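Data first, discussion second: the structure below is written as structure tokens.
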Amino acid sequence: MPSTTFLNLNEDKRKKVVQSLLLEFSNHSVSDAQVARIVKEAGIARGAFYKYFNDLQDAYAYLYQQAMVEIHKKITNSSQILSAEEYRKQIKDFLDAVNGSPYQDLIRLHFQVNESLVKPSHTKAPQPKDSREWGVMVLSHEAIKESLQTPEKEKQIIERCYEAIRLLTQKA
């Protein structure tokens, strides 16, 4: 995660660095990203980048986490098991929040390539409370991933996920 030096930058400079990270990671996988392009775009020295972040993976993890926080702000969070309809709505709300957002290309590239490149310790996924919640989480994330990769099939993917979650969440 970013250093306190980065977090203490003035807002304009911090935003310029974040915009440079977003540009780089929206157009290049983590393995193809270059510090040189980031620092050139941000107008900072290469050494400054390494004062702010340990490496490219660290910078990517920070940016991706910021994107997830921003996108999830628009989605109702609940500490209880929801109905299948509510889960379907959350999936649709998430996809709507991603599509057209500044993070759209970042998140699409994340699911296409970067998800398998980023060290698990660099991601902060919520931990399910039980098997049912784990199943819903896996199904929801897979539906989101598929929908972002094949947007023309979004409706069918969400409906298939809804049916699976409905079966998983119905009372025995």
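The values are calculated or read from the model by the stated rules, or taken from the named source; none is laboratory data. Keep in mind the model is a prediction, meaning the values are calculated, not measured. Because the Cβ atoms are built from the backbone with ideal geometry, glycine has one as well, and the counts that use them run over all protein chains shown.
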(message) Among (1) touching a helix residue (DSSP H, G or I) at 6+ places or on another chain (Cβ under 7 Å); (2) at pLDDT 90 or above; (3) closer than 28 Å to Tyr162 by Cα, there is one condition Lys74 misses while meeting the rest; what is its number?
(response) (2)
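For the stretch 111-127, which positions are modelled with pLDDT of 75 or more and either assigned by TED's automatic domain parsing to the domain that holds Leu56 or not hydroxyl-bearing (Ser, Thr, Tyr) (or both)? Write out each step before concluding.
Step one: list which residues in the stretch 111-127 are modelled with pLDDT of 75 or more, which gives 111-118.
Hits for the stretch 111-127 are Phe111, Gln112, Val113, Asn114, Glu115, Leu117, Val118.
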(request) Might you let me know whether the stretch 9-22 holds any residue that is under 17 Å from the mean Cα position of the chain (by Cα) and surrounded by fewer than 17 Cβ atoms within 10 Å (Cβ to Cβ)? (result) yes
(request) Go through the stretch 128-172 and count every residue that is within 24 Å of Asn114 (Cβ to Cβ) and of a type in the set (Gly, Ala, Ser). (result) 3
(request) Name, by its number, the condition in (1) assigned to a helix (DSSP H, G or I); (2) farther than 13 Å from Leu106 by Cα; (3) not assigned by TED's automatic domain parsing to the domain that holds Gln127 that does not hold for Leu23. (result) (2)
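Considering only the stretch 126-140, state which residues are in a helix (DSSP H, G or I) and touching a Phe, Trp or Tyr at 6+ places or on another chain (Cβ under 9 Å).
Within the stretch 126-140, Val136, Leu139, Ser140 qualify.
Assigned to a loop (DSSP other than H, G, I, E, B) and on the phi > 0 side of the Ramachandran plot - does that describe any residue in the stretch 43-53?
Yes, the conditions are met somewhere in the stretch 43-53.
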(request) Only one of these is touching a Leu at 6+ places or on another chain (Cβ under 9 Å) and surrounded by fewer than 18 Cβ atoms within 10 Å (Cβ to Cβ): Pro151, Pro128. Name it. (result) Pro151
